[in-house]
Amino acid sequence: MMRAIEIAALGWASLILAGCNEAASKAMWDNVKIGDLAPAKPGPGEQQIKTANIDVHIYEVPAGNIEKLEDVWESVYTRGVRFYSYRAFAGNLFRVGFGKRFGWSGTEDLLQAAGGKRMAKIALLLPDGQPQDITVTGLNMPEELSYIDKELSREKAVIGPGVISLRVTAQKVAGERGVCEVIGCPVFSVPMTSPIEPLAGRAKQQEVKFTGAGFGLKMSPDDFVVLGPRQYLSERVTLPGLFFSNLDGTVFLSKGRPPERKISVRVFVLVCTGINY
């Protein structure tokens, strides 16, 4: 899908749904609180894993309500967010905003007021400098994709089959405790678990990092960042259309009306929940 671009990067990876049998578990779990399920503190001789903890909330909002997201963008700031190229980022129709402590619940209310539905919550434990990918959408066959690179050139690349992801990396900030640098970037990759080196190397060569749509910022616990589209695009031939638009639609519930499937756009919220290095 494109020529290779160099970046340490951002990136969208796995959803976990859990349930339990109430009848079998009721007595055991009646009085258990979330805090009771926290990992035990390391004992003597044990070393705590050093990670930045990021919760990723993925929302979908009806495409017809995208103007209502203006309330979300007005509640966050771009101050403190850095880009490989802001003009390329904006040219790719990506939009990002940063919120400080305790503002996340208000932003969540605004997303719900726009008709947003939370599709997933993914907890990332990010060791220093090691990226994780959050899968956004898949490609079953080769497709030509248009995007703007960080040099402001409009490029085209043929990608697929494979997945488009949001790659997220956290790095320690030298001399600052309780702070990490979080970097995000859209990436196309071919999932490969084969231990055979030539096959793994071939998959790596097919990877495309969309550096022009990358961003970074310093985060502390309770800080959050919102990533979404500047507008709705009704096609998948551009990076923003493929990354943000769900043309298959999502079933939304409206008060007093039957469930209805609507074309939607994705909005990502990354919340820093802890820094352990």
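The values are calculated or read from the model by the stated rules, or taken from the named source; none is laboratory data. All figures in this text were calculated on a predicted structure; none of them were measured in a lab. Every residue, glycine as well, gets a Cβ built from its backbone with ideal geometry; the counts of neighbours run over all protein chains shown.
Some notes on this structure:
- Qualifying residue in the stretch 132-143 (condition: at pLDDT 95 or above, outside any loop (DSSP other than H, G, I, E, B), buried (at least 20 other Cβ atoms within 10 Å of the Cβ) and charged (D, E, K, R)): yes
- Positions within the stretch 250-272 being on the phi < 0 side of the Ramachandran plot, exposed (fewer than 14 other Cβ atoms within 10 Å of the Cβ) and out of contact with any Gly (no Cβ under 7 Å at 6 or more places or on another chain), in sequence order: VAL251, LEU253, SER254, LYS255, ARG257, PRO258, PRO259, GLU260
- Some residue of the stretch 90-99 being at pLDDT below 95, surrounded by 13 or more Cβ atoms within 10 Å (Cβ to Cβ) and charged (D, E, K, R): no
- Any hit, the stretch 164-171, residues being over 29 Å from SER220 (Cβ atoms) and either surrounded by fewer than 18 Cβ atoms within 10 Å (Cβ to Cβ) or not β-branched (Val, Ile, Thr) (or both): no
- Residues satisfying the stated conditions in the stretch 100-126, i.e. part of a strand (DSSP E or B) and either surrounded by 14 or more Cβ atoms within 10 Å (Cβ to Cβ) or among the β-branched types (Val, Ile, Thr) (or both): LYS117, ARG118, MET119, ALA120, ILE122, LEU124, LEU125, LEU126
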